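Trainee: Mind looking over this structure? Questions follow.
The values are calculated or read from the model by the stated rules, or taken from the named source; none is laboratory data. Values in this document were obtained by computation on a predicted structure and should not be read as measured data. No Cβ is skipped: glycine too gets one built from the backbone with ideal geometry, and neighbour counts run over all protein chains shown.
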Amino acid sequence: RYGGPGKKVPPEDGKKGEGGGATVAAGRKEDEKGEEENWSPQTPASDEDESGEDARQALEAALGLVRELYEARDRLFSVKPGERKSVLREKQAACLSAIEALPPGVTARARAMRLYAKGKAMDVGEDHVQEAEDLLGRAVKLYPSLGDGWNQLGTCYWKRGDFQTAFDCWMLTLQHADCDKDKMLATRELSMAHRVKGNNTGESLRLAKEVVGKDMASSGSWYNLGNAYMSHFFSSTFAQTDLERSLKAYHKSGECAQETHANPDLHYNLATVWRYLEGYQTAVDEYERADALDPLLHARDAIKQVAGWVGQMSEMVDSMCKLKPARVKQMLGIFPPPQGELSLDGAQYEACGLAGLSVGKNPRKALQALVVAAPDSTMLVHLVCCDADGAFFGASVYNMKAGKLKPGDLLTVFAPGVIVCSLSEEVLRRERA
């Protein structure tokens, strides 16, 4: 799920380039999940020009309540939507009450921090709030070095649909912010913006790597890198290595996250990667974890799709596409005589059928197969094939548009990878009932 707030983004829109469709958590900007530890605005130093130590401590307490508000927002996924909003409203009211009780502040910086705290508290919800935007705009005008003020103002504009101004705000963080963490968060947001609205997955990936390189312990930055690799796969490369790198980044994000801070988006995206790597049981397990944390992601719909697809492919392979033995024998006559070795780009490969392959990579083998069926797929190009011995199997092709291979085509797959795809009988029965 990577996209703008509350949208379902098809892979082609900056991520999955195959027809599947990636779900975006409603109302949550992609990279804002789970990294509120990255904003830590500095309260004004206590000196003769400020309102004194009591005022400084009161402001720190108010900012602490705002931080707790955002942490609560990012943890209340399994709560029913109505209850979640009620809890957030209660915490938001406490924040705003504490902020209203703050002294007005003597310096521009003190006044900016007060405006910033109120604006950020008001912007905790899913929808654009004009008053929050106005408060944050006044805050950064008074105190341009307030990096998280620019970042939060960018989020406001993003919610409003003004993506260019959001982008400009995050760029201004890089120009003016005093805090390195604020700059890192802005870079992450820019990475997200490049792939979601800029269709520039290469720049998105470069920025995501840059942020991880500066803080290897940031869960949110690893999560952003995982999204960037997945987007790069779907919109550009279709290279399996990008999916594998995405998987590693997501796992690192989980390792870096606080144990109590479960991220349903992370589990959903892990499931999506495993789905495209055809680790269907692991994909279902991750979808179920996502669903348990946040039912609004509709991960159960994805589970049903996976079960339907695996069941359909399994039935087609087991039944030999319901072809009669005489028809299968006739089809096998299409195969050329055994060829021994084949060459490609100067390398030699042993021609073989399915029985000549091992599970895993087969670097010096060349599988010769006949396309028997090409079922409709919203994922990779999926085929049902058979070899010269009449063994049926499923085949998945990366980096190819649907429709290029059709029943009756002979193909040779150099250095094929073999996996055993499976899904528990329990899931198949439950989801296909």
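Trainee: Being farther than 21 Å from Q240 by Cα and either touching a strand residue (DSSP E or B) at 6+ places or on another chain (Cβ under 9 Å) or hydrophobic (A, V, I, L, M, F, W, C) (or both) is the filter here; which residues of segment 386-419 pass it?
Mentor: C386, D387, A388, A391, F392, K406, P407, G408, D409, L410
Trainee: Would you call R275 of a type outside the set (A, V, I, L, M, F, W, C), part of a helix (DSSP H, G or I) and not assigned by TED's automatic domain parsing to the domain that holds L76?
Mentor: yes
Trainee: Further question: When the residues of segment 319-328 are filtered to those that are in contact (Cβ under 8 Å) with a residue 24 or more places away in the chain and out of contact with any Phe, Trp or Tyr (no Cβ under 8 Å at 6 or more places or on another chain), which remaining residue is farthest from L270 (Cα to Cα)?
Mentor: Here the residue is V328.
Trainee: Filter segment 238-277 for residues that are polar (S, T, N, Q) and crowded, with 24+ Cβ neighbours inside 10 Å; which is modelled with the lowest pLDDT?
Mentor: Taking the candidates together, the pick is N263.
Trainee: What are the pairs with Cβ atoms under 8 angstrom where one residue, in segment 171-189, is more than 19 Å from N200 (Cα to Cα) and in the same structural domain as K141 (by TED's automatic domain parsing) and the other, located anywhere, is basic (K, R) and surrounded by 24 or more Cβ atoms within 10 Å (Cβ to Cβ)? Sequence gap at least six, or different chains.
Mentor: Hits for this filter: zero, empty list.
Trainee: Among the residues of segment 219-237, is there at least one that is free of Cβ contacts under 8 Å to residues at least 40 places away in the same chain, out of contact with any Pro (no Cβ under 7 Å at 6 or more places or on another chain) and surrounded by fewer than 24 Cβ atoms within 10 Å (Cβ to Cβ)?
Mentor: no
Trainee: In segment 191-245, which residues are over 14 Å from the mean Cα position of the chain (by Cα) and among the aliphatic types (A, V, I, L, M)?
Mentor: If the condition is that a residue be over 14 Å from the mean Cα position of the chain (by Cα) and among the aliphatic types (A, V, I, L, M), then L207, V211, V212, M216, A217, A239 are the ones that fit.
Trainee: Which of the residues that make up segment 318-333 are surrounded by 11 or more Cβ atoms within 10 Å (Cβ to Cβ) and more than 21 Å from H382 (Cα to Cα)?
Mentor: Those that are surrounded by 11 or more Cβ atoms within 10 Å (Cβ to Cβ) and more than 21 Å from H382 (Cα to Cα): R327, K329, Q330.
Trainee: Residues of segment 202-223 being assigned to a helix (DSSP H, G or I) and of a type in the set (G, A, S), which ones?
Mentor: If the condition is that a residue be assigned to a helix (DSSP H, G or I) and of a type in the set (G, A, S), then G202, S204, A208, G213, S219, G220, S221 are the ones that fit.
Trainee: Are any residues in segment 360-379 in contact with a Gly (Cβ under 9 Å, 6 or more places away or on another chain), closer than 16 Å to G394 by Cα and either in a loop (DSSP other than H, G, I, E, B) or free of Cβ contacts under 8 Å to residues at least 12 places away in the same chain (or both), and if so, which ones?
Mentor: Within segment 360-379, A374, S377, T378, M379 qualify.
Trainee: Could I ask something else about it? Go through (1) surrounded by fewer than 23 Cβ atoms within 10 Å (Cβ to Cβ); (2) in a helix (DSSP H, G or I) and name the single condition A290 misses.
Mentor: (1)
Trainee: Do you know which of the residues in segment 144-161 that are touching a Lys or Arg at 6+ places or on another chain (Cβ under 8 Å) and among the polar types (S, T, N, Q) is nearest to D178 (Cα to Cα)?
Mentor: The qualifying residue nearest to D178 (Cα to Cα) is Q152.
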